[in-house]
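To start, the structure under review is shown below, and the notes come after it.
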Amino acid sequence: TARSHDDRCFTHMVDCAYLRDVHAVMGGPDIYRGEAIYRYDARRRRIEAIYFASDGGVSQGAVVVTPDVFKLPPSRFVGADGKSLTIRARWRRVGPDQFVATSEIKEGACWRPHLNITYVRAPEQSH
């Protein structure tokens, strides 16, 4: 919906060996949540990710990083019902505290736009 928004929080895990990315999409009838864990695979010399969705779906794959772009090449997302789809994403930095995330879903031989979200870093909060 027009009022939907996606809150993300990134934290280090296990002495900074992993990066945890937790998000929640709010504004619709239900809150959709997901969690990704990123890690460096020294043997393959690449970053890998695994994503868990609140609806039971899972995907995993490699990550390609350049100074201003974080690409998640096509990977298979398998839902809790066993159905799968191929999805790809690109996060592009557009400022020191902002990035735009776009994703596409493969339908036949074509890629269909799925999401286009601009994220802005929230101000630090004291606890």
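Overview of values
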{"read-out": "From V22, V64, V120, V58, residue being farther than 24 Å from S4 by Cβ and among the β-branched types (V, I, T)", "value": "V64"}
{"read-out": "Residue match in the stretch 45-64 (condition: at positive phi, charged (D, E, K, R) and surrounded by fewer than 14 Cβ atoms within 10 Å (Cβ to Cβ))", "value": "yes"}
{"read-out": "Residues (in contact (Cβ under 8 Å) with a residue 12 or more places away in the chain and either of a type in the set (D, E, K, R) or loosely packed, with under 14 Cβ neighbours inside 10 Å (or both)) located in the stretch 30-39", "value": "I31, R33, E35, R39"}
{"read-out": "Residue in the stretch 8-28 that is open to solvent by 40 Å² or more (accessible area, probe 1.4 Å), touching a residue at least 40 places away in the same chain (Cβ under 8 Å) and outside any loop (DSSP other than H, G, I, E, B) present", "value": "yes"}
{"read-out": "Candidate set: the stretch 103-115, residues that are surrounded by 13 or more Cβ atoms within 10 Å (Cβ to Cβ) and out of contact with any His (no Cβ under 8 Å at 6 or more places or on another chain); chosen: the one nearest to A62 (Cα to Cα)", "value": "K106"}
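The values are calculated or read from the model by the stated rules, or taken from the named source; none is laboratory data. Note that the structure is a prediction, hence the values are computed from the model and not measured. Cβ: placed from backbone, ideal geometry, glycine included. Neighbour counts: every protein chain shown. The protein model used for the area step is the full one, side chains on, heavy atoms only, and it has no ligands, DNA or RNA in it. Shrake-Rupley method; radii C 1.70, N 1.55, O 1.52, S 1.80 Å.
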